[in-house]
Ligand SMILES: Cc1ncc(C[n+]2csc(CCOP(=O)(O)OP(=O)(O)O)c2C)c(N)n1
């Protein structure tokens, strides 16, 4: 089996899970004021619905910015663990960010991508991952060796623990289903920004 085939097999073998449940699994692991940046789309909505924290930032409006924002926070505050949550469509729009993270190599950054294969929030048009693009293979190709598909919820948990223990930069991809998000983010960008700035101050 070639390494390309191995990656494709890992993605195909990964269980299709529920984004809201996995988001709650991430939040349940946070105990040290970790910053969480939720990308646009249902990623954001599920982060909001998982319980608002002052260290959460909810990106509204532009796709692909969860990882760049998280990289900035991780660089400015190397003592704080930072988690970026992003949808597959959004990550595909900002792929260069993977190479930038690999170059900067922040140990305190965890990137999680929810791969549902569609731009769900705008009507479930198919993304390239529905046509064979493997985001873990892309992350590895960008230089992020610590990248993996979550095989199931237990494996996702184990990957989270390793990454939150400071063995970043880490990239976790999870295949997710077509379920609707568990809530809707309040659309008040000024309030979101102010709360986050206060939440990560000092
Ligand atoms: C630059 C840009 N292009 C298009 C849009 C419209 N748009 C908003 S969310 C979205 C889909 C997001 O897809 P994905 O990241 O896969 O998340 P999902 O909706 O599946 O949770 C699109 C196309 C936008 N906001 N910004």
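Every number in this text was worked out from the coordinates using simple rules, so none of it is lab data. Here the structure is a predicted model, which is why all the values come from computation and not from measurement. Cβ sites come from the backbone with ideal geometry, for glycine too, and all protein chains shown count toward neighbours.
General observations
- Cα gyration tensor category, rounded, prolate or oblate, for the stretch 1-87 with a/c compared to 1.5: prolate
- The stretch 58-202, relative contact order [Cα under 8 Å, separation at least 6], %: 25
- When both the stretch 20-76 and the stretch 78-132 are represented by their alpha-carbon centers, they are found 12 Å apart.
- Cα-only Debye scattering, the stretch 75-149: base-10 log of I(q)/I(0) at q = 0.12, 0.16, 0.20, 0.27 Å⁻¹: -0.35, -0.59, -0.87, -1.33
- Legend: translational diffusion of the stretch 95-136 by Stokes-Einstein, Rh = Kirkwood radius over C-alpha pairs, 4 °C, 1.567 mPa s; D = 107 µm²/s.
- Inter-label distance, nm, simple model (7 Å from Cα along the C-beta direction), residue 77/residue 158: 3.1
- Max mean-square fluctuation residue, GNM over the chain, Cα-Cα springs under 10 Å, options 41, 96, 51: 51
- Residue among 22, 65, 128 with the largest mean-square fluctuation in a Gaussian network model of the chain, springs linking Cα atoms under 10 Å: 128
- Summarising the overall dimensions of the chain from its C-alpha atoms, the Rg and Dmax are 15.4, 51 angstrom.
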